[in-house]
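As structure tokens, the structure follows; a few thoughts come after it.
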Amino acid sequence: MTTVAILPISDAIGKKIYRAIAGDKQSTGRTAGEALDALTAQLEDEEFSTLLVLQSFRPDWFFSAQQQQRLSELMSLWRTARDRGQELNPVEQAELDSLVEAELKAATARSAALLQQIA
């Protein structure tokens, strides 16, 4: 099963768009659905399952607005460094890794909460 992440990002002029990522494939769109549609067109049938959990990307008790803001800032810095063939400094990279791990744990907790609601 392939994991797909859909993240809100800002384009070059600061407008909110969405990036869908699955392994080494990615796409963007004006909406989460548009980004997902563009990504699924790139995936083989066996790479995509039928279970989707969509998050509104709003802060919640699992991942706060402050965490989301800092993650967004660090991802922007990371993309800039990557595009220049550089890396983040070790302190920023450690913070980014920690926030990514926290968001993963938050997503897991959200999924568990959702399962409890529908079970």
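With loop defined by DSSP as not H, G, I, E or B, and exposure as at most 11 other Cβ atoms within 10 Å, which is the longest segment of the chain clear of exposed GluC sites (Glu not before Pro)? The longest such stretch corresponds to 1-43. Candidate membrane-span-like segments in the chain, meaning DSSP H helices with Cα atoms spread over at least 30 Å of their own axis and a Kyte-Doolittle mean of -0.5 or above, are 90-118, with no membrane implied. Using just its DSSP H runs of length 4 or more, each adding -39500 (n - 2.57), the chain gives a mean residue ellipticity at 222 nm of -16500 deg cm²/dmol after division by all residues.
Which of rounded, prolate, oblate describes the chain, given a ≥ b ≥ c as roots of the alpha-carbon gyration tensor eigenvalues and a/c under 1.5 marking rounded, otherwise prolate only if a/b is larger than b/c? Oblate, since a/c reaches 1.5 and b/c is not below a/b. When the chymotrypsin sites (Phe, Trp or Tyr not before Pro) in segment 61-119 are filtered for DSSP coil states and for at most 11 other beta-carbon atoms within 10 Å of their beta-carbon, the remaining sites are 61. On full extension, the segment bounded by residue 38 and residue 111 gains 23.8 nm, given 0.36 nm per residue less the C-alpha separation. Give a quick list of trypsin sites (Lys or Arg not before Pro) in segment 73-119 that DSSP marks as loop, anything other than H, G, I, E or B, with at most 15 other Cβ atoms within 10 Å. Listed in order of number, the matching sites are 84. Rounded, prolate or oblate, given the Cα gyration tensor of segment 1-45, with a/c below 1.5 counting as rounded? Taking the square roots of the gyration eigenvalues as a ≥ b ≥ c, segment 1-45 is prolate. When you restrict to C-alpha pairs under 8 Å that are six or more residues apart and normalise by the size of segment 58-119, the relative contact order lands at 41 percent. Per residue, the average separation of C-alpha pairs within less than 8 Å and at least 6 apart gives the chain a relative contact order of 16 percent.
Read-outs: derived from the displayed coordinates by stated rules, not from any lab. Just so you know, these numbers come straight off a predicted model, no measurement behind them. A quick note on method: Cβ atoms are made from the backbone with ideal geometry, for glycine too, and the neighbour counts reach across all protein chains shown.
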